[in-house]
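One structure is given below, encoded as structure tokens.
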Amino acid sequence: MQIRLKCSCGAEECREWAIIELQGVVESHPSIGENLQNLEIGRLCCVSKGNYTFTVGYHELSGTKVALKKPLLVLRKKKVEAACESDYADPSGVELEVIGIIRDRIIFKTRPKALISKPQVKDKKAVQ
């Protein structure tokens, strides 16, 4: 079966995505429940070329960027009407649109480092 894809952004302008690979389990707070959409779980920073840190709460992970052997496409499924004869739609009325390309993954292999902040010391003033 051949599936035709539609890319409206152009090959040079397609959004670059990356996979973040973590070891272990990421658990959310029970008050959040099942609503994980647009949930910020941490901060991803590029320290130097190819090296990243991922901070989640009081834990910091160090990782590296690795190229995938074969790139992956991020697709959006659209239903099209039968009256609309699109070159990219299959007979069932479904069209797949490319919204991004994944060429890299960021791997965090090591155990997290605990971030402990120093207590703030107030300046001592002379009592008169």
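The values are calculated or read from the model by the stated rules, or taken from the named source; none is laboratory data. Computed from a prediction, not measured in an experiment: that's the story for all the values here. Every residue, glycine among them, receives a Cβ derived from its backbone with ideal geometry; neighbour counts consider all protein chains shown. Accessible surface areas use protein heavy atoms only, side chains included; no ligands, DNA or RNA. Shrake-Rupley method; radii C 1.70, N 1.55, O 1.52, S 1.80 Å.
For segment 75-94, state whether one or more residues are within 26 Å of residue 26 (Cβ to Cβ) and either modelled with pLDDT of 90 or more or surrounded by 11 or more Cβ atoms within 10 Å (Cβ to Cβ) (or both). Yes, because at least one residue in segment 75-94 is within 26 Å of residue 26 (Cβ to Cβ) and either modelled with pLDDT of 90 or more or surrounded by 11 or more Cβ atoms within 10 Å (Cβ to Cβ) (or both). Taking segment 39-74 as the range and being surrounded by 14 or more Cβ atoms within 10 Å (Cβ to Cβ) and charged (D, E, K, R) as the test, the residues that pass are 60, 65.
Taking the criterion of being part of a loop (DSSP other than H, G, I, E, B), open to solvent by 60 Å² or more (accessible area, probe 1.4 Å), among the hydrophobic types (A, V, I, L, M, F, W, C) and at pLDDT below 75, the residues of segment 1-25 that qualify are 1, 3, 7, 11.
If you go through segment 99-119 and keep only what is of a type outside the set (Asp, Glu), part of a strand (DSSP E or B), at pLDDT 85 or above and within 20 Å of the chain's Cα centre (by Cα), you end up with 101, 102, 103, 105, 106, 107, 108.
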